[in-house]
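Enquirer: Quick one: structure below, then a few questions.
Just so it is clear, none of the values below were taken in a lab; they were calculated from the coordinates. Quantities reported herein were computed from a predicted structural model and do not represent experimental measurements. In this analysis, Cβ positions are derived from the backbone assuming ideal geometry, glycine residues included, and neighbour counts consider all displayed protein chains.
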Amino acid sequence: MDMTLILMAGLAFVVVAGLGLVFAGAGSGSGKTAKRVQAVAKKGRGPLKASTARSSANDAVLVRRKQLQAALQEQEKKRRAAMFDAEARLREAGLTLDVKKFWLMSAVLAVVVTLLVLVMVGLSLPVSLMAGFVAGAGLPLWVVGFLAKRRNAKFGLAFADAVDIIVRGLRSGLPLHDCLKVIGKESPEPLAGEFRRLVENLSMGMTLEQGLEKMFERLPAPELRFFSIVLNIQQKTGGNLGEALGNLSSVLRGRRMLREKIKALSSEAVASAAVIGCMPPGVAALLSVVNPRYLTVMFTDPRGHLLLAAGAVIMGFGTMVMRKMINFKF
């Protein structure tokens, strides 16, 4: 009897302990399951947030790219329009001459050259008028274009260093206005003069975008165009200006290296084009020295005038084609 009670008590204890272990295991399993579900949910929300952040960043990049493309197209239209404007070309060359005085001086030069060729050289009136037109309309514009191209080259050569000055100033805590002042004091001309005028315009109340637009009208260099676009986009969208200008400086130096490399590789073609272009007038000049009467009929006979005009047109067309073949834009 006693053994039966002891066995029954032991069995009851085992049953109760087993039920407790079962219920405890079920509770811990449900807790672990809940924790696993929460962990999976968190992991699912993480990639969702990351994908949302990536999509927003891509949208911002697309917006900046569209703004940059629109600004480049607008400024390219202005540059092409300025190529046929004598006043804009005079500003680009850094000359303070009035456009009316420029055309008056060109007309006087044309009249003087026409009279010299007609009276002193003794050529016919059509040839003299052609020489006067070339001297009055072509030569002054060529000189202004040469000065403008040389000024743009000087500006582009020193502009990357100026951007580096701005980057170092911004990283050291200086405001952008003070960095522009430093460029106006330390940089060579024409960079220093243009930035001094920009600082003066900003001091008079002009916005940075307006000041850079005026500066681009005076000096339509591609480096300045990139600089103004970077500043305008940074003001509208925000971001690290020092990093953006640092990237711009690297791009400008890379463009300059590429320009020098292409110039070296195309020097042979440029020399060949120059020799071919100078050969016909050079041969004519040598024949005039050796035998002056040999080419006189070309300038006295009306048929010779037609041949000279046709030769000039053909030479001009050939020179233009060669220029297109050896001219590389950056």
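Enquirer: Between Lys149 and Asp164, what length in nm is gained on full extension when 0.36 nm per residue of separation is reduced by their alpha carbon distance?
Expert: 3.0 nm
Enquirer: What's the Cα-based Rg to Rh of the range 127-173, Rh via Kirkwood?
Expert: 1.48
Enquirer: Right, next: Could you tell me which of the pairs Lys100/Lys263; Lys181/Lys324; Lys100/Lys214; Lys100/Lys236; Lys185/Lys261; Lys236/Lys263 are separated by over 30 angstrom between their Cα atoms in the structure shown?
Expert: Beyond 30 Å: Lys100/Lys263; Lys181/Lys324; Lys100/Lys236; Lys185/Lys261; Lys236/Lys263.
Enquirer: If you filter the range 163-255 for chymotrypsin sites (Phe, Trp or Tyr not before Pro), then keep DSSP loop positions with at most 10 other Cβ within 10 Å, what is left?
Expert: Here no chymotrypsin sites (Phe, Trp or Tyr not before Pro) fit, given the DSSP loop and packing criteria.
Enquirer: Could you compute Rg(Cα) / (2.2 N^0.38 Å) for the range 134-210, with N its residue count?
Expert: Ratio of Cα Rg to 2.2 N^0.38 Å: 1.41.
Enquirer: Output ³J(HN,Hα) for the range 158-171: one whole-Hz value per residue in order, computed from phi by the Karplus curve 6.51 cos²θ - 1.76 cosθ + 1.60 with θ = phi - 60°, and x for Gly and Pro.
Expert: 9, 6, 4, 5, 5, 5, 5, 4, 5, 4, 5, x, 5, 5
Enquirer: Let me ask you something else. How long, wide and thick is the range 266-330, going by the Cα atoms along their three principal axes, in whole angstroms, largest first?
Expert: Result for the range 266-330: principal-axis Cα extents of 47, 24, 11 Å.
Enquirer: Also, quick follow-up: Let me check I've understood the local charge: for Ala269, count other residues with C-beta under 13 angstrom from its C-beta, Lys and Arg +1, Asp and Glu -1. What total comes out?
Expert: +2
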